[in-house]
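Before any comments, here is the structure.
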Amino acid sequence: VLVDGARRSTYAQLRSAAGRVAAELAGLGLPPGSRIGVLGANSFFWVAAYLAVMKLDHVAVPLSDKLTPAEVRRNTDLVGCAAVCADRRSLRRYRAVLGDERPVVTDEVLEAGRAGFQGFQYEDGMDYERIGRMKTRSGEPLFIWAGVSVTRTLPRGGPEDVKRELDW
């Protein structure tokens with residue numbers, strides 16, 4: 001369990017959050033080994049962002065929220081940060097010094113209802129190839145996440161049934 005103030009999160013939730021941050025970072029198209037700043041107070045998002053950076057074979061550059069804006073600018077420029085992960089609270093203080101040319105991934109990626117996300121339930125006969133080609137209204141690829149229906153599988157089966165469902 002990871003504790004962040006009143007929030008208690010499991011490692012599964014942390015792994016999921018790190019995956020969402022990693023997907024957002026991967027969308028930037030940065031080469032492996034890119035330096036990514038991780039800016040903010042110690043928090044659930046900070047840990048998820050740090051793990052996401054490492055997962056993508058980038059170099060995490062921890063940036064304390066105790067630094068002055070000038071120090072953040074100097075440090076990100078000095079090490080050549082290609083992007084920065086920052087929570088919205090920190091971003092309000094540091095956005096001006098990060099520059100418009102440096103992409104910023106925020107804790108908004110951890111919230112539901114993001115643009116480009118469409119939820120749907122599996123139905124027999126669905127055209128998954130067509131769904132895979134779908135785009136957002138702005139023409140960007142959809143983020144598609146597949147899962148297993150616990151209500152369908154577990155009441156009548158066990159772990160081997162869940163595995164079989166995932167192999168479809």
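The values are calculated or read from the model by the stated rules, or taken from the named source; none is laboratory data. The model shown is predicted, which means the values in this text are computed figures rather than measured ones. FYI the Cβ positions are ideal-geometry reconstructions off the backbone, even for glycines, and counts take in every protein chain you see. Protein only, heavy atoms only, side chains kept; ligands, DNA and RNA dropped before computing areas. Shrake-Rupley method; radii C 1.70, N 1.55, O 1.52, S 1.80 Å.
Every residue in the range 5-25 that is open to solvent by less than 60 Å² (accessible area, probe 1.4 Å), more than 23 Å from LEU78 (Cβ to Cβ) and among the aliphatic types (A, V, I, L, M), please.
ALA12, LEU14, ALA17, ALA18, VAL21, ALA22, ALA23
It is to be established whether one or more residues within the range 90-108 are of a type in the set (Val, Ile, Thr) and modelled with pLDDT of 95 or more.
No, the range 90-108 contains no residue that is of a type in the set (Val, Ile, Thr) and modelled with pLDDT of 95 or more.
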